[in-house]
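Nothing in this text is a laboratory measurement; each read-out follows from the coordinates by a stated rule. Predicted model, so just to flag it, every value in this text is computed and none were measured.
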């Protein structure tokens, strides 16, 4: 499938400007929308690749630069987490919610997006953002890859989740304690929300990213296959045609 990619600038409600990377099928038609939330290392080659992979699956995808207030264009090295820390520490929940809304509004207003069929996916820090997005805007599905910091801070928001959530964790991930993973599952279950919880016992934090030393190709392949099936079910709809010529 041929793609059309573009960098856009979004105006955020707090008066800031936020750049984003977008990808969509090049042919005419209307497609579901996808919010793609970055790791701590920026909208780098890996996140752009994920955005394009989703576009090849028939989504209009947007990856907003979440560090736009402190480091526009930031792309950190996977071996230098310290460089990302100041940007992460400067993030505030109200700013994150505003960033989600700006990217979501861009999707809803895009002429090729089906405005009632929008989902989110995120990795690490972005996994937390994907959970937050489902609790603040109307989504059809949300996917969280090893989202740290959901528990305990965001668990009160579980009652507001607008969509089913697919959680992926690495059983060897020491960045996110097992007690936190259990708390996330319990919080969503107790809120009566639909979710799928998957732990790859032999995978570490960042297992999906082929640019990281922790890349686990088997877990990554299985997680991608399950993600697409989850999206087919909850966003595209089983047996439904979503592309409109």
Using Cα pairs under 8 angstrom and six or more residues apart, how large is the relative contact order of the range 117-239, in percent?
-> 23
Rounded, prolate or oblate: which one fits the range 52-101, using the alpha carbon gyration tensor with axes a ≥ b ≥ c (rounded when a/c is under 1.5, else prolate when a/b beats b/c, else oblate)?
-> oblate
Let me have the relative contact order for the range 5-75, percent, based on Cα pairs under 8 Å that are six or more residues apart.
-> 37
For the chain, what's the relative contact order in percent, using C-alpha pairs closer than 8 Å and at least 6 residues apart?
-> 17
With a ≥ b ≥ c taken as the square roots of the eigenvalues of the C-alpha gyration tensor of the range 1-157, please select rounded if a/c is under 1.5 and otherwise prolate if a/b is larger than b/c or oblate if it is not?
-> prolate
Beta bridge orientation in the chain: antiparallel %, DSSP, nearest 5 = 40
Give me the distance between the Cα centres of the range 50-73 and the range 1-43, rounded to whole Å.
-> 5
Per-residue ellipticity at 222 nm attributable to helices in the chain (runs of n ≥ 4 DSSP H, -39500 (n - 2.57) apiece, nearest 500 deg cm²/dmol) works out to -9500 deg cm²/dmol
Using only the Cα atoms of the range 35-127, build the gyration tensor, take square roots of its eigenvalues as a ≥ b ≥ c, and label the shape rounded, prolate or oblate: rounded if a/c is under 1.5, else prolate if a/b is larger than b/c, else oblate.
-> oblate
